[in-house]
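Engineer: What follows is a single structure, and I will ask about it in a moment.
The values are calculated or read from the model by the stated rules, or taken from the named source; none is laboratory data. Quick caveat, the model's predicted, so the values are computed rather than measured. Counting neighbours? That spans all protein chains shown, and the Cβs are built from the backbone with ideal geometry, glycine included. Calculation scope for accessible area: heavy atoms of the full protein, side chains included, ligands and nucleic acids excluded. Shrake-Rupley method; radii C 1.70, N 1.55, O 1.52, S 1.80 Å.
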Amino acid sequence: MIAIDGPAGAGKSTVARAVADELGYRYLDTGAMYRAVTLAALRAGVDSDDAAGLAALADRAATMTGDAELRSPEVERSVSLVASHQRVRAALHRAQRAFLAQGDAVGEGRDVGAVVWPEAELKIWLDAAPLVRARRRVEELGDASAAAALAERDERDSAQTIHAPDAVAIDSTDLELDAVVARIVELARERQP
């Protein structure tokens with residue numbers, strides 16, 4: 001099991017998918033799960049302050065992680081609040097642990113290595129300079145306002161962003177994707193029995 005955590009725009013999803021492909025592992029995008037609960041709530045009219053109502057959507061929403069609307073501006077505006085509810089986090093942590101318990105997986109998010117799967121054989125803290133993360137988010141979303149929203153998102157998500165003390169820190173500011181992936185794959189192979 002490999003856990004890749006870090007703030008928004010650090011490249012977690014792109015890197016984790018590429019590492020999983022390279023190693024032949026399964027991939028878990030925990031952020032998509034929180035986005036799916038948020039999207040389900042928007043569609044069902046459940047208020048983002050209703051922790052019980054949101055938690056009740058978690059099981060159904062876990063199957064929506066491929067929905068194209070997960071990256072919509074409406075979801076982006078509400079996902080931090082939805083993810084801040086402990087009942088939602090507990091429901092999704094159960095689903096995440098069940099997936100990861102099957103082995104040979106790369107899980108990425110904000111607290112995978114510290115909370116969801118602290119037993120991971122390899123934990124990575126992936127980060128980049130704030131301006132680089134902002135540029136990446138603008139490119140990803142195709143929305144110039146995404147750069148300003150990133151600082152707000154960092155602040156809103158700070159309680160859920162937990163750096164595992166035994167994580168290997170990788171700063172992707174000046175690194176190409178291939179270099180980051182190669183470093184993580186190398187670390188993973190060093191830890192294989």
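Engineer: For the chain, find the longest principal axis of its Cα atoms and tell me its angle to the long axis of helix 146-157, 0 to 90°, nearest 10.
Structural biologist: On a 0 to 90 degree scale, this one is about 90.
Engineer: If you don't mind, there's one more thing I want to ask. Would you grab the residues whose amide H sits under 5 Å from the one on LEU122? Only those 5+ places off in sequence or on another chain, please, with H modelled 1.01 Å from N.
Structural biologist: Residues meeting the amide H criterion: ALA3.
Engineer: Next up: Need one number: nm distance between label points at GLU22 and GLN160, each 7 Å from Cα along Cα→Cβ, rounded to one decimal.
Structural biologist: In this crude spin-label approximation the distance works out to 2.8 nm.
Engineer: Quote the FRET efficiency, to the nearest 0.05, computed for GLU69 versus GLU176 with a Förster distance R0 of 35 Å and r equal to the Cβ-Cβ distance.
Structural biologist: Working from the Cβ atoms, E equals 0.70.
Engineer: Here's another thing I want to ask about it. What does the extension gain come out to for GLN192 and ALA44, with contour length at 0.36 nm per residue minus their alpha carbon separation?
Structural biologist: Stretched fully, the GLN192-ALA44 segment lengthens by 48.8 nm.
Engineer: Now for a different question. Hey, what do the phi angles of region 160-174 turn into as Karplus ³J(HN,Hα) couplings, whole Hz, using 6.51/-1.76/1.60 and θ = phi - 60°, x for Gly and Pro?
Structural biologist: My calculation for region 160-174 gives 8, 8, 10, 8, 4, x, 9, 7, 7, 7, 10, 9, 8, 3, 10 Hz in order.
Engineer: Stretch ASP104-ASP59 to full length: gain in nm at 0.36 nm per residue minus the Cα-Cα span?
Structural biologist: In short, 13.9 nm is gained.
Engineer: Another question about this same structure. GLU121 accessible area, nearest 10 Å², 1.4 Å probe?
Structural biologist: About 110 Å², rounded to the nearest 10.
Engineer: Still on this structure, please answer the following. Taking amide H atoms as placed 1.01 Å from N in the peptide plane, list the residues 5 or more away in sequence, or in a different chain, whose amide H sits under 5 Å from that of LEU28.
Structural biologist: Those qualifying (amide H under 5 Å, at least 5 residues apart or on another chain) are VAL106, GLY107, GLU108.
Engineer: Consider the candidate values (i) 48, 37, 28; (ii) 41, 36, 33; (iii) 59, 38, 30; state which one is Cα extents along the principal axes in Å computed from the structure displayed.
Structural biologist: (i)
Engineer: Next question, about the same structure. Once the Cβ-Cβ distance between ARG135 and VAL185 is put in as r, and R0 is 22 Å, what FRET efficiency do you end up with, to the nearest 0.05?
Structural biologist: Working: r = 25 Å, r/R0 = 1.15.
So the FRET efficiency works out to roughly 0.30.
Engineer: Turning to a different aspect of this structure: Given C-alpha coordinates of region 17-81, what is the ratio Rg to Rh with the Kirkwood estimate of Rh?
Structural biologist: 1.05
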